[in-house]
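A short worksheet on the structure shown next.
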Amino acid sequence: MTAGSRAAVLRWAAVAALVLVLATLPAALATRSADDSPVSAADLRQAVLASGSVPFSGVAQSAGGLALPVSDQLTSVADLFSDRTTMRVWWRGPQESRVDVVTPAGETGTYLDATGTWTWEFESATATRAARTPFALPAPPDLLPGPLARRLLSEAADEELSRSGARRVAGRDALGLRLTPSSAAASVEHVDVWVDADTGLPLEVQVVGPDGPPALDSRMLEVDLTAPSADVVAFTPPVGATVREGREAEAVLQEGSRIRPVPLPVVLADLPRRSLDGAPSGIGLYGSGVTLLAVAPVPERLAGALRDLLRASPGAVVDEAGVRTAAGPVGLMLVELPGRRPYVLTGTVTVDALARAAAQLPGAGEGR
């Protein structure tokens, strides 16, 4: 596989990563039982959605065990979903925060303000500025329990929600809220969110896939509900620092803009088509909530590279529908139709749903 082919595969994997939230983490220790509350599931969801304005600081941790069938050159995005990530966080609000990722090699800080982010790599003294856009690649702050829970619950229907008792998380009473997707295509079995009883701030998020144990567990290990000072979350590049402009998301958009749009169905695998601000027009997006599917035609050169990667994946299914596999709740499929450009299908859907969607694509069944 050439370097160019590998890079293209990775860019496609980065697009798919917008709908992936997968990791593992051991259970937290509880020093005493938690006090429950009669608050309803719907009201608790509303408290979570309003919690972006709750100030706090503390330590969070997420970890990933997801073996995605992509090249190991998918650096930051792949690491985010395959490694343990420890974060120190200072949160003043949805437009004013700081998250430091702590590793044995050093620290990298992400500072969010009203117009964008600064990423400060301490060891290399490099500051990267990126504008806020509706279409951005995942970053460590996205795996904090608060932003993650708000994203996962944003489209949940009341009938998909239930209460799940209470427990202690980060030394505080946390109320349980369970989201059970109603779609038959869903590969996520359920999502558990543990919510601070006093403020509505999510303290832990677990995503459970088809294999039983949590596929993700992102939690606060320590939390202080005192508002951090503005000086702590502000950033100005130090004198002598290397300053550059971040263009990673722009590169993905440029790659996606080269896709020639095709007339995709309004429904695939019983999932309705939807729109996403900033997404390339050649990519079809389907589903809602935690059940999402992305579909796009791809060049032959990319299809060949991806075909090799998928075929080499454990548990890959190869039949007349294409080649498909799953990594936890994430499905990925390559469909090659006679006389047409190949398609890539990926998302938090089952491999059976991928096969159903493939059978509904334009040209499916022709020449077979």
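Some values worked out for this structure:
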item: Residue in segment 276-287 that is open to solvent by less than 10 Å² (accessible area, probe 1.4 Å), modelled with pLDDT under 80 and either closer than 24 Å to Ala185 by Cβ or among the charged types (D, E, K, R) (or both) present; result: yes
item: Glu159, sole failed condition from (1) under 29 Å from Ala269 (Cα atoms); (2) surrounded by 14 or more Cβ atoms within 10 Å (Cβ to Cβ); (3) among the acidic types (Asp, Glu); (4) more than 23 Å from the chain's Cα centre (by Cα); result: (2)
item: Flag for Gly116 being open to solvent by less than 30 Å² (accessible area, probe 1.4 Å) and closer than 18 Å to Phe235 by Cα; result: yes
item: Considering residues of segment 162-184 that are over 23 Å from the mean Cα position of the chain (by Cα), of a type in the set (A, V, I, L, M) and open to solvent by 10 Å² or more (accessible area, probe 1.4 Å) only, the residue farthest from Leu292 (Cα to Cα); result: Ala170
item: Filter result (open to solvent by 30 Å² or more (accessible area, probe 1.4 Å) and over 16 Å from Gln61 (Cβ atoms)) within segment 204-223; result: Pro210, Asp211, Gly212, Pro213
item: Failed item, numbered, when Ser124 is tested on (1) within 18 Å of Met87 (Cβ to Cβ); (2) over 20 Å from the mean Cα position of the chain (by Cα); result: (1)
item: Among residues of segment 198-212, those that are modelled with pLDDT of 95 or more and among the small types (Gly, Ala, Ser), counted; result: 1
item: Neighbours by Cβ (under 6 Å, 6+ apart or cross-chain): first from segment 223-247, more than 30 Å from Gly200 (Cα to Cα) and in a loop (DSSP other than H, G, I, E, B); second of a type outside the set (D, E, K, R) and modelled with pLDDT under 95; result: Pro237/Ala127; Pro237/Val243; Ala241/Ala125; Ala241/Ala127; Gly246/Thr128; Gly246/Ala130
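The values are calculated or read from the model by the stated rules, or taken from the named source; none is laboratory data. This structure is a prediction, so every number in the text was calculated from the model and none was measured. Here Cβ is always computed from backbone atoms with ideal geometry, including for glycine, and neighbour counts include all displayed protein chains. In case anyone asks, the SASA skips ligands and DNA or RNA and just uses the protein heavy atoms, side chains included. Shrake-Rupley method; radii C 1.70, N 1.55, O 1.52, S 1.80 Å.
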